[in-house]
1. From (1) at pLDDT 80 or above; (2) open to solvent by 100 Å² or more (accessible area, probe 1.4 Å); (3) within 24 Å of the chain's Cα centre (by Cα), pick out the condition that doesn't hold for F63.
2. If you take the residues in the range 69-84 that are small (G, A, S) and loosely packed, with under 11 Cβ neighbours inside 10 Å, which one is farthest from P49 (Cα to Cα)?
3. May I ask you to list pairs of residues, at least six apart or on different chains, whose Cβ atoms are under 6 Å apart, with the first in the range 44-71 being aromatic (F, W, Y) and the second being assigned to a strand (DSSP E or B) and at pLDDT below 85?
4. Does at least one position in the range 27-47 carry a residue that is in a strand (DSSP E or B) and open to solvent by 60 Å² or more (accessible area, probe 1.4 Å)?
Amino acid sequence: MHAFRPGPLAARWAPMALLALLALLGLAATALMSGPARSQINASPSWVPIGVSTSGTSSTVWFHEPSSRQAVACRAIESQGNALSGVQCVVGKLP
């Protein structure tokens, strides 16, 4: 029986084939260890306006976020001369 002896072409390609196999295995291992790709962020607003109230020069608005059961009340802050200087909000969890 004759033993198989690789020819000169096979002997040249064997190291490259081994390198290609190792690179492919490394790529597969990296793909398995990394989590799923998240190419988009869900940035859609989910706060639902509930109501608005005013009293004198003060106004308040309420929002509700159904999935987390949170409510937010925001009030306009006025500075001297009836100019709007900011908005103050308070967050609470609904039962």
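1. (2)
2. Taking the range 69-84 as the starting set, the residues that turn out to be small (G, A, S) are 71, 73, 76, 79, 81, 83.
Checking which are loosely packed, with under 11 Cβ neighbours inside 10 Å leaves us with 79, 81, 83.
Numbers: S79: 26, G81: 29, A83: 24 Å.
Taking the candidates together, the pick is G81.
3. none
4. Within the range 27-47 (the criterion being in a strand (DSSP E or B) and open to solvent by 60 Å² or more (accessible area, probe 1.4 Å)), the answer is no, since none of the residues qualifies.
The values are calculated or read from the model by the stated rules, or taken from the named source; none is laboratory data. Values in this document were obtained by computation on a predicted structure and should not be read as measured data. We place every Cβ from the backbone using ideal geometry, glycine too, and count neighbours over all the protein chains shown. Ligands, DNA and RNA are stripped out before the accessible areas are found, and what is left, the full protein with its side chains, is counted by its heavy atoms. Shrake-Rupley method; radii C 1.70, N 1.55, O 1.52, S 1.80 Å.
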